[in-house]
1. Assuming R0 = 45 Å, what is the FRET efficiency of Val386 and Ile270, from their Cβ-Cβ distance, to the nearest 0.05?
2. Express in nm, to one decimal, how much length is gained between Asp172 and Asn413 on full extension, taking 0.36 nm for each residue of separation and deducting their alpha carbon distance.
3. Just tell me which lysines come within less than 21 Å, Cα to Cα, of Lys127; anything on the same chain fewer than 8 places away is out.
4. Computed FRET efficiency, Cβ-Cβ of Lys222 and Arg332, R0 35 Å: what is it to the nearest 0.05?
5. Show me the ranking of peptides 283-291, 80-88 by mean Cβ neighbours inside 10 Å, starting with the highest.
6. What FRET efficiency comes out for the pair Asn313/Lys124, r = Cβ-Cβ distance, R0 = 45 Å, nearest 0.05?
7. Accessible area of Phe138, 1.4 Å probe, to the nearest 10 Å²?
8. Under 11 Å from a label point 7 Å along Cα→Cβ of Thr18: give me every residue in segment 107-138 with its amide N that close.
Amino acid sequence: MKKPVVALVGRPNVGKSTLFNRLVGRKVSIIEDTPGITRDRIYGDVEYKNYKFHLIDTGGIDISNISFNEEIKIQAELAINEADVVIFVVDAKEGITTNDRVVKEMLKKSNKKIIVAINKIDSKLSKDNIYDFYELGFDEYINISSEQDMGIYDLLDSITSDFHEVEEEKDDTIKFSVIGRPNVGKSSLVNALLNEERVIVSDISGTTRDAIDTQLIYHGQKFTVIDTAGMRKKGKIYENVEKYSLLRSLKAIDRSDVCVLVINAEEGIIEHDKHIASYAIEAGKPIIIVVNKWDLIENKDVEMKEFTKKIRNNFQFIPYAPIVFLSALTKRRIHTLIPEIVKAYSNSRRQIKTSVINDVIMDAYTLNIPPSYKGKRLKIYFTSQVGICPPTFNIQVNNKGLVHFSYERYLENKIRESFDFEGTPIVIQFKNKGEEKL
């Protein structure tokens, strides 16, 4: 079951970003600490009780600008269109404004569940203004203060009141999504895969509102292609706002077992490619990098080596991701992709015996004992695998505060040297001895 989507909408400076941070939480993704990754934090995942949902923070809609800030308006319309629930954030301190009324008109046309979050109620000026917002004509109003953490649980209860708990789908089908920027050849790649002679194809209509999933059978193995590329919804709005194309990828990533990131060989690598890849890694999904339009490259052998170097330099946070060069148009090397998908899928489910992983980590520790810090030295007692998808390892230590990120990377490299985890991220959890396992 897919995660619902919730959008924050409103005029500038009403506190949407503060509310976004409050709902998403203060946890900082490991991706954001990785060199080469910078991005606007406009998407996040929220967990509340037994519910999970995507959260989108939109730009402030402002009509004081003669152009009506057209791009922001388009972004907001897209977010509203994609959302299951819209949070209309208003400022109790300033009271109702013309901009608020403009946003109201946009929301009234959406036919979505709208919750008006009256923010900044901790201000002395707010009490006189709160009830003015009821003239906007919506059904649900909640008083909050994002800064002071007031009313946030009431808001979350309202957001999730119609949600269902996320359930895992269990079958033997490998689901893979084709993700990437607009116009890199995602649709062409999907079509090329489906037209392969060895593939048996059937459509599964109505699986999601974003794309029609397609089932295929390759050498007896069932697959579901989650195609985020086809422009099956109205208008070019989705192509025009590149940043929001990520939303479709985000939703597809959740439902995938493996993510196939498509890069355009002609254009090369840009920052947005790394943004999309980082969300797949945050979700713990295996990833394969596909360099498409390889037929347009002249000196292929030389260029393949150079392009591989560029990918490794730009995607340093996923050195384990296999790289596939192909042409969706000519189908050259198209046969190399599905075997990589199968391998990454299998590796993400690989389980290592406790005695074996324990020996590997203890040998690594003996070979490279970490230096002491303020008279204390990290000691490793025991290691076991506690999960799959992605493979997750629990390492019991004397003091997890002594673990330096470089030493964690060293241990991960030792694990990867000993076992085939190509294509999949792995997670290492350090626990103080006696601490309850996750």
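The values are calculated or read from the model by the stated rules, or taken from the named source; none is laboratory data. Every value quoted in this text rests on a predicted model; they were computed, and no experiment measured them. Neighbour counts are summed over all protein chains in view; Cβ atoms, including those assigned to glycine, are modelled from backbone coordinates with ideal geometry. The accessibility values were calculated without ligands, DNA or RNA, using every heavy atom of the protein model including side chains. Shrake-Rupley method; radii C 1.70, N 1.55, O 1.52, S 1.80 Å.
1. Details: r = 37 Å, r/R0 = 0.83.
The calculated FRET efficiency here is 0.75.
2. Values: separation 241, 0.36 × 241 = 86.76 nm, distance 3.02 nm.
Roughly 83.7 nm would be gained on extension.
3. Excluding near neighbours in sequence, the set is Lys16, Lys93.
4. Values: r = 26 Å, r/R0 = 0.74.
Calculated transfer efficiency: 0.85.
5. On the way: 283-291: 24.1, 80-88: 22.3.
Averaged packing, sorted descending, gives the order 283-291, 80-88.
6. On the way: r = 54 Å, r/R0 = 1.20.
Efficiency, from the Cβ-Cβ distance: 0.25.
7. The accessible area of Phe138 comes to roughly 30 Å².
8. Only 119-123 fall inside the zone, counting backbone N under 11 Å.
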